[in-house]
Structure formats: structure tokens, C-alpha cells
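Note sheet for the following structure.
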Amino acid sequence: MGKVIPYGDLARQHQLNVLAHKRREYREREDYLAGLRKLLFQVEGQMRQAEMRQLQVFQDLAESLKIHLEFPSLGDRLALEEFFATNPVLLILKEFLAERLDAEECLQRLGELGQKPTTQEGA
């Protein structure tokens, strides 16, 4: 007949197996997360590049139309968001670029912005 294995030895072996299994499970998930973090970093970098290119479109338009715009620091994302949400020139340009205004309407509205301070000063 076979040798009887004490319960303590069986329990210890079971605990060792559980630990080994959980370590493998953890490592697999950790490796998967590391891959996702790397991918996310790459995607964020590409998004940031695309955002900078979009910002360059606004800067080029302002320069071409001889409109002085003082853009916030590129590192200050919150200030940039606020700037784009509140600056009337950028709001008009965003409307034009989103094809809600044609070129003629865009120039007209930009011209009206330029005339408002003159009209208010004369009043």
C-alpha cells in the first residue's frame, strides 16, 4: 500500500501552488498592462502632434488675415481650451473650419469684430 501523505504537507503544497498560480496570473496581467501603457503613450504622443498641427492651422490663418492672437503656452492645455472657447476670433474661425460659415461670412464676421471697438469708442 502507498505511503500516506500528512495533511500539513498537502495543505502546504496547495498553498505553494496557489502562490505560483497567482504570481503567473499577476505577471500576465502586469505584462498586458505594460503593453497597454506603452500603446497609450504612443497614442497620446500622436494625438498631441495632431493637436499641434491643428493649432498651427489657426496660427497660420491668423497670420494670413493679419490678426494678432496671443496664444497661451502650448504646455498649458487648460489655458488653450479656455482660449479656444472664449476668443471671438477663434470661435469664428472654428465655425468656418467646421463648414458652418462660408469664406465670405467668415471675413464679414471677422471684419465686424474689428469694427466694434471703433464704433464703441466713437459713441
Going by the structure shown, is L10 in a helix (DSSP H, G or I), at pLDDT below 95, open to solvent by 90 Å² or more (accessible area, probe 1.4 Å) and among the aliphatic types (A, V, I, L, M)? yes
Is it the case, given these coordinates, that V18 is in a helix (DSSP H, G or I) and either free of Cβ contacts under 8 Å to residues at least 60 places away in the same chain or exposed (fewer than 10 other Cβ atoms within 10 Å of the Cβ) (or both)? yes
What's the total number of residues in region 46-81 that are touching a residue at least 24 places away in the same chain (Cβ under 8 Å), surrounded by 12 or more Cβ atoms within 10 Å (Cβ to Cβ) and not in a loop (DSSP other than H, G, I, E, B)? 5
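The values are calculated or read from the model by the stated rules, or taken from the named source; none is laboratory data. All values derive from a computational prediction rather than experimental measurement. Please note: Cβ atoms are built from the backbone with ideal geometry, for glycine as well, and neighbour counts cover all protein chains shown. These area figures cover heavy atoms from the full protein model, side chains too; ligands, DNA and RNA do not enter into them. Shrake-Rupley method; radii C 1.70, N 1.55, O 1.52, S 1.80 Å.
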